[in-house]
Each structure stands twice: as structure tokens, then as C-alpha cells.
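Undergrad: Dumping the structure here so I can ask a few things about it.
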Amino acid sequence: MDDKKLYSPKVMKDILDKYGFRFSKSLGQNFLIDGNIINKIAETAELDENSGVIEIGPGFGTLTQVLCQKAKKVVAIEVDRSLEKVHHETLDYDNIKIIYEDFMKIDVDKLIKEEFQGLDVKIVANLPYYITTPIIMKILEERYKISRIVVMVQKEVAQRLNSKPGSKEYGAITLAVNYRADTEIAMIVPSSVFMPRPKVDSAVIRFDILKKPRIEVLDENILFAAIKASFGQRRKTLLNGLSNNLKLSKDVVKTALEQAGIDPGVRGETLSLEDFGRIADEIVKTNK
Ligand code: SAM
């Protein structure tokens, strides 16, 4: 296949029509039509001969083509089997494997071991918006051996993932991300570069996975439970949120917060990851 080939929106549409493809809104199918944006995503991933790429949702395959040209190997996971015929035409590369399956059901650890021996593995995707957060949480919680994630998401989601304590975008997912990765918004992307056009703008966000989590805690499950408990009920104080959701007595939580040097009356969204680390450790110690 010609490396320089880039399909115009008209040609894309003709190919999709030829195979009777219909865009599915519920699968978040908004395909990229701008070569500059596609190249910028691939550049942000910094791919070379040692790179293995997992792409979630290749769609028509425009981004996938560039990934195949730059990386050693690409495994693309697409839930919509009706794109298979399109892929025979658009993704005729020797270094690609396409799996027609829901990404949420994939054993990614196994896939990495089987497909990417000795390669530096990165996840690159223009994510379907209806399932962005579960996909990102799966990747972060299951701790795959990957070095980087580069994904296009809704602009507001990117801002939340990249936000600071106390800001209005800050949430439990910000902390989960912060625990495992450094993040940077690589670019804001207007809705005009998609077919069909979504209602909102997007952003490409890069996660560099840390070699070990940013903080060390006695029990990671308690850390995540404490974070979720504190954000579950935004208007409640930390004391109430933690004791209700973790099913702990107020006395235990109060003692733990005092030991951690945190005011029981504050709201969870003002606390940093390090604060939550201290709280989680004191809960473990107090509850022994
Ligand atoms: N990568 C293409 C591009 O940039 O033009 C398509 C991106 S489109 C926003 C999202 C793609 O993810 C669609 O092809 C959709 O069918 C696929 N998809 C949706 N849910 C999925 C899932 N659970 N697992 C794998 N792929 C999924």
C-alpha cells in the first residue's frame, strides 16, 4: 500500500457506502478526516521500530494507517464487525492484527504477552465518547506493561483528567490518573475534523505511565475506596462521606483524619493525592 495515501472525506464516504456501512451513534462513530490531526496524534505517541501499538476502535482506519506506517506492530480492536470489509480495503498491512471484539472484554495483559514480545507498547485511540471513562479506568487499574497512552476524548473530559485539586473539573478519576501517570493535553481539536461532526470539541491527551505509582500506600484498595467515597457525595464533608461509604464508625474516621492532619470538615475535592494517601494509611492503621 502507498504510504502517502490519505483518503479525502468524499472517497471515505464512497468506500463506506460501497460496503453498506451505516454510522452508529451509539458506538460513538465519529471518524477523523483531517490528516494533520492524525499525524499529530501519531507524533504525540512517538512511535518507532521498537513500538507496539494497541488501537481501540480503528473505525474506517485513517489513524490506523499512520500507526501501521510508524510502528513495528499494531493490534486494533474494533467492536463493529460491519467494518471488516472496509478494513480489507483500507488496512492492507503486514504488521496489523484486527480483533473484532469489545475492548472492555479483552484480556490486554495476555494480548501484550502474545503479540508484543520485546516491544515498547503504547495505546493510541480516538476513543468512542460513550465509554471513555470506563476504558481509561480499565487501562489504569489493570496496570498493563505500557509506557504511554495517547487518546482523543471530549475536551471537558481531557480537562478533568488533567485538572488540579480544588478546581471544578477535579474528580475521583483525576486522582486515579495522577496516581499512575503524568498527563498533558497535546492539543484541542475542533468538531469540524470529524465525519459526522460531534456536538462538542475534543482534545488529545497524553499519559506517560510512571514506573511505579506516584505515592506509596499500605493498601491500594483503601486508597481508591477513600477517593471514591469522598467524591461520591460532593456536598457532604469528608467525615460523612468516608464513614457512610466505607462503613466505618465516625470515631474511626475522625481519628484517622486527625492522625493524617486533615480537617474532617473539608470537602474531598480540595485534597491532593498525597492527602488521600495519608488518610488511607491512617484508616488502615486505626482500623486494625
Ligand atoms: N479511529 C477511528 C478514527 O479516528 O477515525 C474511529 C474513531 S470513533 C470515535 C470510535 C471507534 O470505536 C468506532 O469505530 C467504534 O465502532 C469503536 N468502538 C466503539 N465501542 C467500542 C468498544 N467497546 N471496543 C472497541 N471499539 C469500539
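Undergrad: Restricting to DSSP loop positions (anything but H, G, I, E, B) with no more than 12 other Cβ atoms inside 10 Å of their own Cβ, which GluC sites (Glu not before Pro) remain in region 206-286?
TA: Details: sites: 216, 220, 258, 269, 274, 282; in loops: 216.
For GluC sites (Glu not before Pro) across region 206-286 that sit outside H, G, I, E and B with at most 12 neighbouring Cβ atoms in 10 Å, the list reads 216.
Undergrad: Once amide H atoms are placed 1.01 Å from N in the peptide plane, what residues at a sequence separation of 5 or more from residue 189, or on another chain, have their amide H within under 5 Å of its amide H?
TA: Here the answer is 202, 203, 204, since their amide H atoms fall under 5 Å of that of residue 189.
Undergrad: Using Cβ contacts closer than 10 Å as the measure, can you line up 144, 130, 179 from fewest to most?
TA: Ranked by crowding around the Cβ, least crowded first: 130, 144, 179.
Undergrad: Relative contact order (percent) for the chain, with alpha-carbon contacts under 8 angstrom and 6 or more residues of separation? Intermediate values should be presented prior to the final figure.
TA: On the way: 483 pairs, mean separation 43.4, N = 288.
It comes to 15 percent, rounded to a whole number.
Undergrad: Looking at the chain as a GNM with Cα springs under 10 Å, which of 204, 189, 153 has the largest mean-square fluctuation?
TA: 189
Undergrad: Calculate the all-directions average of the projected area of region 86-220's alpha-carbon convex hull, and give it in nm².
TA: Averaged projected hull area, Cα only: 10.2 nm².
Undergrad: What FRET efficiency do you get for residue 69 and residue 169 if R0 is 35 Å and r is their Cβ-Cβ distance, rounded to the nearest 0.05?
TA: Details: r = 35 Å, r/R0 = 1.01.
Efficiency computed from Cβ-Cβ geometry: 0.50.
Undergrad: Cα extents of the chain along the three principal axes, largest first, in whole Å?
TA: 67, 41, 28
Undergrad: Sticking with this structure for a sec: Rounded to the nearest 500, what is the 222 nm mean residue ellipticity of the chain from helices alone, with -39500 (n - 2.57) per DSSP H run of 4+ residues and division by all residues?
TA: Numbers: 12 runs with 118 residues, N = 288.
After summing the helix terms and dividing by residue count, I get -12000 deg cm²/dmol.
Undergrad: Now for a separate question. Might you report the magnitude of the Cβ-based charge dipole of the chain about its Cα centre, with Lys and Arg at +1 and Asp and Glu at -1, to the nearest 20 debye?
TA: Using Cβ point charges on Lys, Arg, Asp and Glu, the chain gives about 880 debye.
Undergrad: Out of the GluC sites (Glu not before Pro) in region 46-96, which ones are loop residues according to DSSP with at most 10 other C-beta atoms within 10 Å?
TA: Answer by residue number: 49.
Undergrad: Given a Förster distance of 22 angstrom, what is the FRET efficiency for residue 199 paired with residue 40, based on the Cβ-Cβ distance and rounded to 0.05?
TA: 0.50
Undergrad: I would also like to ask the following. Working from the alpha-carbon coordinates of region 220-286, get Rg over Rh, Rh being the Kirkwood radius.
TA: So for region 220-286, dividing Rg by the Kirkwood Rh gives 0.89.
Undergrad: Efficiency by 1/(1 + (r/R0)^6): what FRET value for residue 218 and residue 270, r their Cβ-Cβ distance, R0 = 22 Å, to the nearest 0.05?
TA: Working: r = 23 Å, r/R0 = 1.06.
With a Förster radius of 22 Å, E is 0.40.
Undergrad: Of 166, 118, 104, which is farthest towards the positive pole of the chain's charge dipole, taken about the Cα centre with +1 and -1 on the beta-carbons of Lys, Arg and Asp, Glu respectively?
TA: So the residue we want is 166.
Undergrad: I've got another one for you. What is the local net charge at residue 34, summed over the other residues whose Cβ is closer than 13 Å to its Cβ (Lys, Arg +1; Asp, Glu -1)?
TA: +2
Undergrad: What is the sum of charges, Lys and Arg at +1 and Asp and Glu at -1, for the other residues whose Cβ falls under 12 Å from the Cβ of residue 182? Spell out each step's value before the answer.
TA: Values: positive: 148, 180, 206, 211, 214; negative: 184, 208.
Neighbour charge sum, excluding residue 182 itself: +3.
Undergrad: Given the pairs 122/250; 40/110; 110/247, which span a C-alpha to C-alpha distance of over 32 angstrom in this model?
TA: Over 32 Å Cα-Cα: 122/250; 110/247.
Undergrad: When DSSP beta bridges are limited to those with both residues in the chain, what percentage is antiparallel, rounded to the nearest 5?
TA: Antiparallel: roughly 45 percent of the beta bridges in the chain.
Undergrad: Who wins for biggest fluctuation among 277, 61, 118 in a Gaussian network model of the chain, springs between alpha carbons below 10 Å?
TA: Of 277, 61, 118, the most mobile in the Gaussian network model is 118.
Undergrad: Right, next: Using the Karplus curve 6.51 cos²θ - 1.76 cosθ + 1.60 with θ = phi - 60°, work out ³J(HN,Hα) for each residue of region 192-201 in order, rounded to whole Hz, and write x for Gly and Pro.
TA: Values, residue by residue: 5, 8, 10, 10, x, 6, x, 7, 10, 7 Hz.
Undergrad: Just in region 1-109: which trypsin sites (Lys or Arg not before Pro) are loop by DSSP and have at most 11 other Cβ atoms within 10 Å?
TA: Listed in order of number, the matching sites are 4, 5, 22, 25.
The numbers here are math on the coordinates, done by the rules we state, and not lab data. Fair warning: this is a prediction, and the values are worked out from it, not measured in the lab. Neighbour counts are summed over all protein chains in view; Cβ atoms, including those assigned to glycine, are modelled from backbone coordinates with ideal geometry.
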